[in-house]
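**Q** Okay, handing you the structure first.
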Amino acid sequence: MKYDCLIIDDEKLLADSTAEYFNLFGVKAAAVYTSDECRGFLAENSAELLMLDINLGNDSGFELCRELREKTQIPILFISARSSDDDKIIALNIGGDDYIQKPYSLGVLLAKVKAVLKRYGKSANTAYSDGRLTVDFSSKQVLINSIPVKLTSLEFKLLSYLIKNENRVISKREIFENVWEDKFTGDGTLNVHIRKIREAIEKDPGDPKYIVTVWGDGYKFQGAKV
């Protein structure tokens, strides 16, 4: 499932109330409370913005940020009750996009989050990442667990089109017209390309989780639960 914002904060009451407030005002948000919960969430869902607390119980938000930055460039807003300038410098140097001091006003924070989502809207749509599969549309690179996999130019174009229409059933006719730019392309050609993409990105190509066949209608890309 796609979210606008994921809040990672061990203060459960604050995290939940912030997520609830965001949802009331049109920012689809969810909350988790540990580094492991964040990893699990991003393995099954995607988010366009992370709000990450520096202190996560026994975990470090700094370390989690470093780990995430190896896989994704989505915006990360650090939140903290600490006011040290050193913390702010570290947060920005390791890939944070801003540093927000607790306690914060929910109204002011919502406005900042909406501004960041708007600012990064274009770049956020230049890549897909769920923790296992990463597809960079601008560099035309596909990675599984950070390891590059090879696709032909047409296979990449097909995969990108399906991802950009995530969770929508795409008819074969639509694929032919928008990927091949030829409404008369045959089913056999499409089936071969789908098979090759599955062999490249699926754990079990015979039981696909990313690209599923909707019999009689076409194909659908869905964020895999891997």
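The values are calculated or read from the model by the stated rules, or taken from the named source; none is laboratory data. The model shown is predicted, which means the values in this text are computed figures rather than measured ones. Reconstructed Cβ throughout: ideal geometry from the backbone, glycine too, with neighbour counts over all protein chains shown.
**Q** Can you pull out the residues in the range 126-149 that are touching a helix residue (DSSP H, G or I) at 6+ places or on another chain (Cβ under 8 Å) and either closer than 14 Å to Arg198 by Cβ or without any contact (Cβ under 8 Å) to a residue 40 or more places away in the chain (or both)?
**A** Leu133, Val135, Phe137, Lys140, Val142, Ile144, Val149, listed by residue number.
**Q** What pairs come up if the first residue lies in the range 12-37 and is assigned by TED's automatic domain parsing to the domain that holds Lys118, the second is aromatic (Phe, Trp, Tyr) and part of a loop (DSSP other than H, G, I, E, B), and their beta carbons are under 8 Å apart, counting only those six or more places apart or on different chains?
**A** Correct list of pairs: Lys12/Tyr33; Ala15/Tyr33.
**Q** So, one more: Can you name the condition, by its number, that Ala43 falls short on among (1) small (Gly, Ala, Ser); (2) in contact with a strand residue (DSSP E or B) (Cβ under 9 Å, 6 or more places away or on another chain); (3) at pLDDT 80 or above?
**A** Only one criterion in (1) small (Gly, Ala, Ser); (2) in contact with a strand residue (DSSP E or B) (Cβ under 9 Å, 6 or more places away or on another chain); (3) at pLDDT 80 or above is unmet by Ala43, namely (2).
**Q** Now for a separate question. Name the single residue that is nearest to the chain's Cα centre (by Cα) among those in the range 34-68 being crowded, with 19+ Cβ neighbours inside 10 Å and among the hydroxyl-bearing types (Ser, Thr, Tyr).
**A** The residue in question is Ser46.
**Q** Just checking, which of Ile89, Ile100 is of a type in the set (A, V, I, L, M, F, W, C) and within 23 Å of Ala19 (Cα to Cα)? Reasoning before the result, please.
**A** Working: Ile89 fails: within 23 Å of Ala19 (Cα to Cα).
From the options Ile89, Ile100, the qualifying one is Ile100.
**Q** Return the residue satisfying two criteria in turn: it lies in the range 171-201 and is at pLDDT 95 or above and in contact with a strand residue (DSSP E or B) (Cβ under 9 Å, 6 or more places away or on another chain), and of such residues it is surrounded by the fewest Cβ atoms within 10 Å (Cβ to Cβ).
**A** Ala200
**Q** Given the structure, is Lys71 more than 24 Å from Lys12 (Cβ to Cβ), crowded, with 16+ Cβ neighbours inside 10 Å and in contact (Cβ under 8 Å) with a residue 60 or more places away in the chain? Walk me through it before giving the result.
**A** Numbers: more than 24 Å from Lys12 (Cβ to Cβ): yes; crowded, with 16+ Cβ neighbours inside 10 Å: yes; in contact (Cβ under 8 Å) with a residue 60 or more places away in the chain: yes.
It is true that Lys71 is more than 24 Å from Lys12 (Cβ to Cβ), crowded, with 16+ Cβ neighbours inside 10 Å and in contact (Cβ under 8 Å) with a residue 60 or more places away in the chain.
**Q** Given the conditions (1) touching a residue at least 40 places away in the same chain (Cβ under 8 Å); (2) farther than 23 Å from Ser138 by Cβ, report the number of the one that Thr213 does not fulfil.
**A** (1)
**Q** Turning to a different aspect of this structure: Assess whether Ala29 counts as being under 29 Å from Lys164 (Cβ atoms) and crowded, with 22+ Cβ neighbours inside 10 Å. It would help to see each step written out before you state the result.
**A** Numbers: under 29 Å from Lys164 (Cβ atoms): yes; crowded, with 22+ Cβ neighbours inside 10 Å: yes.
For Ala29, the condition - under 29 Å from Lys164 (Cβ atoms) and crowded, with 22+ Cβ neighbours inside 10 Å - is met.
**Q** Do we have any residue at all in the range 181-203 that's outside any helix (DSSP H, G or I) and either under 18 Å from Gln222 (Cα atoms) or in contact (Cβ under 8 Å) with a residue 12 or more places away in the chain (or both)? Spell out how you get there, then give the answer.
**A** Here is the first cut: in the range 181-203, the residues outside any helix (DSSP H, G or I) are 181-186, 202-203.
Cutting the leftovers down to either under 18 Å from Gln222 (Cα atoms) or in contact (Cβ under 8 Å) with a residue 12 or more places away in the chain (or both) gives us 202-203.
Taking every residue of the range 181-203 in turn, at least one turns out to be outside any helix (DSSP H, G or I) and either under 18 Å from Gln222 (Cα atoms) or in contact (Cβ under 8 Å) with a residue 12 or more places away in the chain (or both).
**Q** Can I ask one more? How do the helices (runs of 4 or more DSSP H) wholly within the range 99-176 filter down when requiring 3 or more residues that are small (Gly, Ala, Ser): which remain? Write out each step before concluding.
**A** Working: elements: 106-119, 121-124, 153-164, 172-175.
Output list reads 106-119, 121-124.
**Q** Filter the range 133-156 down to residues that are crowded, with 18+ Cβ neighbours inside 10 Å and either within 17 Å of the chain's Cα centre (by Cα) or charged (D, E, K, R) (or both) and give me whichever is nearest to Lys203 (Cα to Cα).
**A** It comes out as Leu133.
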